[in-house]
Structures are given as C-alpha cells and as structure tokens.
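Student: Can you read through this structure? Questions will come right after.
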Amino acid sequence: MTASGERFNKHALHAAHPSLPFGTRLRVTNVLNGKSVIVRVNDRGPFVHGRIIDVTSGAAQALGMIRIGVVNVTLEIVR
C-alpha cells in the first residue's frame, strides 16, 4: 500500500514526493537524455538525503533510467 492508501503498482506512472499533495501531476524530465513522463504523486518519500522524488519502475523505464538507477531530473507541476 502507498501512503495515499492505493495499492502499489510498479508499472503505473506514479511517484513518491515528501510534501506535494497526493494527486499532484508532475512532468519529470531526465536531464541526461531529455526524456520526460507525467507521473501522479501517490506516496511519500524518498527517504534518502539529497533525493527529491522516487518513481515507479514504469516511470523509470519511460525516463530511460532503469540501468542507471539514479539520475538528475527536473520537476514541473502540470496540475
């Protein structure tokens, strides 16, 4: 279960953010390759110092970061 009460789905385009309201839609852009994806915040985290967002495997695949694991991203609130 996620912090919002939803069942976790690693294939969905979801993200964890420490303070944005649940349901916030964000455009996450991988700075290295320019790929972006729109995710919905439905969980809290990350709990690692210096990280601003955690994304599901589905979002990470869309961003081209599966093999790298951690990348620099930009965030833009879409709605």
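Student: Give the carbon-plus-sulfur fraction of the accessible surface of the stretch 1-65 in %, rounded to a whole number; probe 1.4 Å, heavy atoms of protein chains only.
Tutor: 53 percent
Student: Would you calculate the separation in nanometres between label points at H11 and S36, each defined as 7 Å from the Cα along the Cα-to-beta-carbon direction?
Tutor: Roughly 2.7 nm, to one decimal.
Student: Do the sum for the chain: with -39,500 (n - 2.57) for every DSSP H run of n ≥ 4, divided by all residues, what is the mean residue ellipticity at 222 nm, to the nearest 500 deg cm²/dmol?
Tutor: -1500 deg cm²/dmol
Student: Compute for the chain: radius of gyration divided by Kirkwood radius, i.e. Rg/Rh, restricted to C-alpha atoms, rounded to two decimals.
Tutor: 0.93
Student: May I ask you to derive the FRET efficiency for L20 and Q61 from their Cβ-Cβ distance with R0 = 22 Å, giving the value to the nearest 0.05?
Tutor: So the FRET efficiency works out to roughly 0.50.
Student: Counting heavy atoms of the protein chains only and a 1.4 Å probe, report the per residue accessible area for the chain as a whole number of Å².
Tutor: 64 Å²
Student: Which one, N30, L20, F47, projects farthest toward the positive side of the charge dipole computed for the chain from Cβ point charges (K/R +1, D/E -1)?
Tutor: Of the candidates, N30 comes out farthest on the positive side.
Student: If you don't mind, there's one more thing I want to ask. Taking Cα pairs under 8 Å and at least six residues apart, what relative contact order does the chain come out at, in percent?
Tutor: It comes to 39 percent, rounded to a whole number.
The values are calculated or read from the model by the stated rules, or taken from the named source; none is laboratory data. Computed from a predicted model, the values in this text were never measured in an experiment. Glycine also receives a Cβ, built like all others from the backbone with ideal geometry; neighbour counts cover every protein chain displayed. These accessible areas exclude ligands, DNA and RNA; they are computed on the full protein's heavy atoms, side chains included. Shrake-Rupley method; radii C 1.70, N 1.55, O 1.52, S 1.80 Å.
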